[in-house]
Amino acid sequence: MKSHYRVVVIGGGIVGTSVLYHLAKFGWPDVCLIERKVLTAGSSWHAAGGVHALNADPNIAALQGYTIDLLSEIEKESGQSIGMHMTGGMTLASTPERWEWLQSAYRVFQTIGIEDCRLISAEEAAALNPLMNPEGVQGALWADREGYVDTTGTVHAYAGAAKKRGATVIENNRVLELHEFPDGWQVVTEKGIITCEHVVNAAGLWAKQVGRMAGIELPVSPLNHHYLITDTIPEVAALDEELPMIMDPEGFTYMRQDQKGMLLGIYEADHDHWMMDGAPWDYGFELQQEDIGRIENELLKGFERYPCLNDVGIKTWVNGAFTFSPDGNPLVGPVRGKRNYWCACAVMAGFLQGGGVGKSLAEWIIHGEPEADIFGMDVARYGDYAQNKRYIKETTGQFYSRRFVMSYPNEQLPAGRPARMAPSYSDMTAAGCRWGVSYGLEVPLYFAPQGFEEAPTLKRSNAFDIVGAECRATRDAAGLIDISGYSRFEISGPNAEAWLDHLLACKLPPAGRAKLAPMLSPEGKLKGDLTVFNWGDGTWWLMGSYYLREWHMRWFTDHMVDGITVRDIGDDTVGFSIAGPKSLAILQSLTDGPIAELPLMGCGTFDIGLTRARVGRLSVTGERGYEIHCSAADHIALRRALLRAGADHGLREVGFNAVLSMRLEKSFGIWSAEFTQGYTAGQTGLDRWIAWDKGDFIGRDAALTERGGPGPAQVLATLEVGAVDADCSGYEPVWQGGERVGFVTSGGYGHSIGKSLAMAMIDRDKAAEGTELTVHVVGVERPATVIAPSPYDPSGKAMRA
Ligand SMILES: Cc1cc2nc3c(=O)[nH]c(=O)nc-3n(C[C@H](O)[C@H](O)[C@H](O)COP(=O)(O)OP(=O)(O)OC[C@H]3O[C@@H](n4cnc5c(N)ncnc54)[C@H](O)[C@@H]3O)c2cc1C
């Protein structure tokens, strides 16, 4: 053991060894993995070893695909057998809703380039796996790239391949403490002290404790999980070929062949947390006693699906723990304020995600950014609110229990809610507000009459007309929306202007003005679609998506200089937006200030009723609109004053579902759909806000190179979709004559223009107005036509009025 390495990876499970391998592979061999006991001594040794490429999050599905393709490579490189059985596998649909969902998901997989899957009938499924009782099965999604590996062999293969590239593995050496110092980290181990530039927490079941060693409280918890392995099944022994795997979501089980028997895994509703503060240090190759009573209901379904189980003995029970984050996705990446401390934790499916996690993290450590957009597993998608133990327990438990339960895009899940509420929450609830959640905060979706229940669906829901009425009220008179769920950062200090000028790609607005502000990475990828406000008193604001608060704060912290203060004021400052042709008249009745003189994108301080507020004239609805920001203590009074003043003007309180419909009618892009860290400014049209003539800013060289090049292969376009009872939601493939020419970034119904709309990233030569295309909507191919951007009020008259 040397006393210094460039990187120390803590944890010798599937994730730690993959990180080690990728660091060495990408050119950093001076890396060392430290393992408490021996490799695999966490949850890795007792995993079922199943792998498959399909995942509901397309970016994560792509990384799972990468992992599977990598497996045979590391086997070859290391010379260590990983016992790979690529049997193929299928996901069953036993309800019409699941079948609809699978047909829809199949199209999304086409979008992301997973070509080796296809829809099959119940008969074909039963022929492929004759152990299965096909009763109730409506169809299935088959995938070639499904199978399983020998878990211990695979961990050793990653480690072996890493060692061949110069990396070091040290076993039987627990990390006891971590100390941050200016050039990196001091790692105190049982065998001595090591210093390093970077430290990686890949401690699996012990991730919580290794986080606490650095003062970090990670939102992660272990839960117990069962599978059983049977004795030899005569029908299996008689087969010439290995059986394909089956995932049976409605049956809450997954199965694969194990030697001449079967492995059956269970995801039960009655979940069981285990050691929420992390596994004991002396825990190793033990398992928990099986708890058949707790999994009985699901087990019975398994026995119905595979009747041969009734006639065969059970050879082995496994009840072991592995870790979950609140949404079930890994927690990967750097932690704000902890320089060069990296997470590779909460990897629920290490054998199918570990490769992608290792690749992304190694790229991040070495190059400063991962190649793919992996926001879905970025540790910064959670903030301080997610450190709460009860929140972690409720959300991880909910995820586990619903692992095989279908989720609908319009469904609201109860765990960990309501936790954070704007002050008007109760008043708004009394007014019929139905809530969604963003970054722990309750945000308004729409306002419905008492007793209304929205039915979960993949199609247009029964809230369709309610949202339509909110859109029309805004366009005809005015809509009021609680915008506490926008992020707000205050930047001040002598260097504030220079810092912002370097951070943002736009020209900074003069005093009393706001501006749309793309923020780029050095590689020219998007880091934000922010709005910058110059309040004229030495303070500036940046506003953006609420759920990116921690993500953006980490970026600001990483680029901090002397002479500025950046404060996240998102908890203290809340507000309302009022938009629509009557918005000015309503505000005028509440202020003596020159509100009528505020130009589009102007901003200033006004007294609105009894509230001293900061007001900006802008709105994503495409109407004349104002964003009114106030302290949390003023929120209730401000809302009441606005509603009172608006009563005679037809003001209606609306939610974000209406706002999203209206922004689509204006072809205004939003983050996570049209704008992501995977795209450049040129691809998304955000380059029109870049100030090419100003001095240097982050990403300038890359943006200039893009500008001087042949142009992006794909561009954003607006589509009118011949939809019937459902609208696009995102990632549906767009076709022309059977050729895939792009995919939908977001979609919905334009209630004021009465059309189904989508925004799509499509091949540049297919983006001309009038081009006839098709698009899959919930699995059904529909006609689509490229239309000019902003089908509502294309000249922007309403906004400028
Ligand atoms: C019953 C069951 C079935 C499963 N089936 C599958 C499946 O089919 N497919 C799949 O992909 N996944 C499956 N999983 C999940 C899989 O096991 C995990 O995703 C994976 O093991 C996580 O790996 P890891 O490296 O993050 O953590 P771990 O395997 O827990 O590794 C962490 C390592 O860190 C070491 N460590 C911790 N603290 C320290 C310290 N202070 N100093 C030094 N070393 C330390 C530990 O000793 C341990 O070896 C299953 C899990 C269970 C329980």
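The values are calculated or read from the model by the stated rules, or taken from the named source; none is laboratory data. Bear in mind that the values here come from a model prediction, so they are computed numbers and not experimental data. Virtual Cβ from ideal backbone geometry, glycine too; neighbours counted across all protein chains shown. All accessible areas refer to the heavy atoms of the entire protein, side chains included, with ligands and DNA or RNA removed. Shrake-Rupley method; radii C 1.70, N 1.55, O 1.52, S 1.80 Å.
A single member of ILE366, ILE314 is away from the ligand (no atom under 15 Å from the Cβ) and in contact (Cβ under 8 Å) with a residue 12 or more places away in the chain, and it is ILE366.
For the stretch 252-287, give me each residue that is more than 19 Å from LYS208 (Cα to Cα), open to solvent by less than 10 Å² (accessible area, probe 1.4 Å) and among the small types (Gly, Ala, Ser). The answer is GLY261, GLY265.
Take the conditions within 30 Å of LEU92 (Cα to Cα), within 16 Å of the ligand (Cβ to nearest atom) and of a type in the set (S, T, N, Q) and apply them to GLN353. Does it pass?
Details: within 30 Å of LEU92 (Cα to Cα): yes; within 16 Å of the ligand (Cβ to nearest atom): yes; of a type in the set (S, T, N, Q): yes.
In short, yes.
Scanning the stretch 29-53 for residues that are open to solvent by 20 Å² or more (accessible area, probe 1.4 Å) and either away from the ligand (no atom under 13 Å from the Cβ) or among the small types (Gly, Ala, Ser) (or both) turns up PRO29, ASP30, SER43, ALA47, GLY50.
Looking across the stretch 69-83 at every residue that is within 30 Å of the chain's Cα centre (by Cα) and open to solvent by 10 Å² or more (accessible area, probe 1.4 Å), the one that is farthest from ARG145 (Cα to Cα) is identified as GLU73. Residues satisfying the criterion are present in the stretch 258-272 (criterion: within 13 Å of the ligand (Cβ to nearest atom) and of a type in the set (Phe, Trp, Tyr)). Each residue in the stretch 292-328 was checked for being open to solvent by 60 Å² or more (accessible area, probe 1.4 Å) and in contact with a strand residue (DSSP E or B) (Cβ under 9 Å, 6 or more places away or on another chain), and 4 pass.
Filtering the stretch 47-99 to residues that are within 21 Å of LEU263 (Cα to Cα), at pLDDT 90 or above and of a type in the set (A, V, I, L, M, F, W, C) leaves ALA47, ALA48, VAL51, ILE68, ILE82, MET84, MET86, MET90, LEU92, ALA93.
With respect to GLY682, is the statement that it is part of a helix (DSSP H, G or I) and among the small types (Gly, Ala, Ser) true? The answer is yes for GLY682.
Please go through (1) in contact (Cβ under 8 Å) with a residue 12 or more places away in the chain; (2) surrounded by fewer than 21 Cβ atoms within 10 Å (Cβ to Cβ) for ASP240 and return the number of the only condition it doesn't satisfy. If we test ASP240 against (1) in contact (Cβ under 8 Å) with a residue 12 or more places away in the chain; (2) surrounded by fewer than 21 Cβ atoms within 10 Å (Cβ to Cβ), just (1) comes out false.
If you scan the stretch 358-375, which residues turn out to be open to solvent by 20 Å² or more (accessible area, probe 1.4 Å) and small (Gly, Ala, Ser)? Answer for the stretch 358-375, where residues must be open to solvent by 20 Å² or more (accessible area, probe 1.4 Å) and small (Gly, Ala, Ser): GLY368, ALA372. Restricting the stretch 209-231 to residues that are within 11 Å of the ligand (Cβ to nearest atom) and closer than 26 Å to TRP28 by Cα, the residue that is most open to solvent (accessible area, probe 1.4 Å) is MET213. Pairing residues of the stretch 705-734 that are under 30 Å from PRO522 (Cα atoms) and modelled with pLDDT of 95 or more with residues that are in a loop (DSSP other than H, G, I, E, B) and open to solvent by 30 Å² or more (accessible area, probe 1.4 Å), at Cβ distances under 6 Å and at least 6 apart in sequence or on separate chains, gives THR718/PRO789.
You will find that of GLU146, GLU115, the residue that is within 30 Å of GLY730 (Cα to Cα) and surrounded by fewer than 19 Cβ atoms within 10 Å (Cβ to Cβ) is GLU115 and no other. Summed over the stretch 6-28, the residues that are among the charged types (D, E, K, R) and either within 28 Å of the chain's Cα centre (by Cα) or near the ligand (Cβ under 6 Å from one of its atoms) (or both) give a count of 1. Looking across the stretch 755-770, the residues that are out of contact with any helix residue (DSSP H, G or I) (no Cβ under 9 Å at 6 or more places or on another chain) and open to solvent by 10 Å² or more (accessible area, probe 1.4 Å) come down to ASP763, ARG764, ASP765, LYS766, ALA767, ALA768, GLU769, GLY770. Considering the stretch 146-254, the qualifying strands (runs of 3 or more DSSP E), each wholly inside and each with 3 or more residues that are over 33 Å from the mean Cα position of the chain (by Cα), run over 192-201. Restricting the first member to the stretch 577-589 and to residues that are touching a residue at least 12 places away in the same chain (Cβ under 8 Å) and within 19 Å of SER424 (Cα to Cα), and the second to residues that are assigned to a loop (DSSP other than H, G, I, E, B) and among the aliphatic types (A, V, I, L, M), the beta-carbon pairs closer than 6 Å and six or more apart or on different chains are SER577/ILE483.
For residues in the stretch 320-350 being among the small types (Gly, Ala, Ser) and in a loop (DSSP other than H, G, I, E, B), which is nearest to the ligand (Cβ to nearest atom)?
ALA349
Just one residue in the set GLY682, GLY695, GLY655 is touching a strand residue (DSSP E or B) at 6+ places or on another chain (Cβ under 9 Å), among the small types (Gly, Ala, Ser) and open to solvent by 10 Å² or more (accessible area, probe 1.4 Å); that residue is GLY682.
The single condition from (1) among the small types (Gly, Ala, Ser); (2) part of a helix (DSSP H, G or I); (3) in contact with a Leu (Cβ under 6 Å, 6 or more places away or on another chain) that ALA469 fails is (3).
Select from the stretch 536-551 the residues that are over 21 Å from VAL620 (Cα atoms) and buried (at least 16 other Cβ atoms within 10 Å of the Cβ) and write down the one among them that is nearest to the chain's Cα centre (by Cα). That would be TRP551.
If you check ALA478, ALA448, ALA455 for being of a type in the set (A, V, I, L, M) and touching a residue at least 40 places away in the same chain (Cβ under 8 Å), only one passes: ALA478.
Conditions tested, residue by residue: (1) open to solvent by 30 Å² or more (accessible area, probe 1.4 Å); (2) outside any helix (DSSP H, G or I); (3) closer than 27 Å to ALA632 by Cα; (4) in contact with a strand residue (DSSP E or B) (Cβ under 7 Å, 6 or more places away or on another chain).
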| position | (1), (2), (3), (4) |
| --- | --- |
| THR396 | no, no, no, yes |
| VAL405 | yes, yes, no, no |
| PRO418 | yes, yes, yes, yes |
| PRO444 | no, yes, yes, yes |
| ARG488 | no, yes, yes, yes |
| ILE491 | no, yes, yes, yes |
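Of everything listed in (1) within 30 Å of ARG472 (Cβ to Cβ); (2) open to solvent by less than 30 Å² (accessible area, probe 1.4 Å); (3) not in a helix (DSSP H, G or I), the single unmet condition for ARG663 is (3). Of all residues in the stretch 493-521, those being in a loop (DSSP other than H, G, I, E, B) and open to solvent by 10 Å² or more (accessible area, probe 1.4 Å) number 8. Note on the stretch 176-208: among residues that are polar (S, T, N, Q) and away from the ligand (no atom under 13 Å from the Cβ), the one that is most open to solvent (accessible area, probe 1.4 Å) is GLN186. Of the residues making up the stretch 435-469, those that are over 23 Å from GLY575 (Cβ atoms) and of a type in the set (D, E, K, R) are GLU453, GLU454, LYS459, ARG460, ASP465.
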